[in-house]
1. Using label points projected 7 Å from each Cα along Cα→Cβ, tell me how many nm separate Glu16 and Asn43, to one decimal.
2. Using a Förster distance of 30 angstrom, determine the FRET efficiency expected from the C-beta separation of Asp74 and Phe3, and round it to 0.05.
3. Can you work out ³J(HN,Hα) from phi for every residue in segment 38-48, in order, using Karplus 6.51 cos²θ - 1.76 cosθ + 1.60 and θ = phi - 60°, giving whole Hz and x for Gly and Pro?
4. Would you compute, from DSSP H runs of 4+ residues alone, the mean residue ellipticity of the chain at 222 nm, taking -39500 (n - 2.57) per run and dividing by the full residue count, rounded to the nearest 500?
5. Do any trypsin sites (Lys or Arg not before Pro) in segment 3-67 lie in a loop, going by DSSP, with at most 15 other beta-carbon atoms within 10 Å of their beta carbon, and if so which?
6. Note down the net charge around Ile80, summing +1 for each Lys or Arg and -1 for each Asp or Glu among other residues with Cβ under 13 Å from its Cβ.
7. Can you tell me the FRET efficiency between Asn53 and Lys85 if r is taken as the Cβ-Cβ distance and R0 is 25 Å, rounded to the nearest 0.05?
8. Mind listing which chymotrypsin sites (Phe, Trp or Tyr not before Pro) in segment 13-66 are in a DSSP loop and have 16 or fewer other Cβ atoms within 10 Å?
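Here, each number is a calculation from the coordinates, and none is a lab measurement. All figures in this text were calculated on a predicted structure; none of them were measured in a lab. Here the Cβ positions follow ideal geometry from the backbone for every residue, glycine too, while neighbour counts run over all protein chains shown.
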Amino acid sequence: MAFDNIHNYFEKLVFEAIQKKIHDGEIDNDEDYLGDVACVALNQLPSRYVRHNVDMVFYMTAEEREQNQIIVEDAVIMAIDYVNKHRHSDRPETINQ
C-alpha cells in the first residue's frame, strides 16, 4: 500500500537510544517495559512523519541533528523514570500531573 513506508522520524532514534540503554545494562530487556518506555518517550517528542529518514536528514544541519539526539535522549530518560515509577501501579498519574 502507498502508506506502508510512512513513519515518525523519531521512532528509529528512540528505538536506538533504548537499545543502547539495554546494551549498557541500564534498563531491563522486558518487552512490555520497553514498549511502555518507547511510547512514553515518543509522546514527548514532536511528530515528524516521513517516507524515508533521508528526506528529513537531508534538510537538517549538523546542529539540528545533534539537537534531535539530545531531545531524544532526554525523552527516553524521562520515560524510563516515569515507567519505573509507575510500573506496578494500577492507574498511574499522567505525566502532566
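1. For the pair Glu16/Asn43, the computed spacing is 2.5 nm.
2. 0.50
3. Using θ = phi - 60°, the values come out as 4, 5, 5, 4, 4, 6, 8, 9, x, 7, 9 Hz.
4. The helix-only estimate for the chain comes to -19500 deg cm²/dmol at 222 nm.
5. When the trypsin sites (Lys or Arg not before Pro) of segment 3-67 are filtered for loop state and at most 15 Cβ neighbours within 10 Å, Arg48, Arg51 remain.
6. Working: positive: Lys20, Lys21, Lys85, Arg87; negative: Asp24, Glu26, Asp28, Asp30, Asp36, Glu73, Asp74, Asp81.
Value of the local net charge: -4.
7. So the FRET efficiency works out to roughly 0.20.
8. On the way: sites: Phe15, Tyr33, Tyr49, Phe58, Tyr59; in loops: Phe58, Tyr59.
Here the sparse-neighbourhood loop sites are Phe58, Tyr59.
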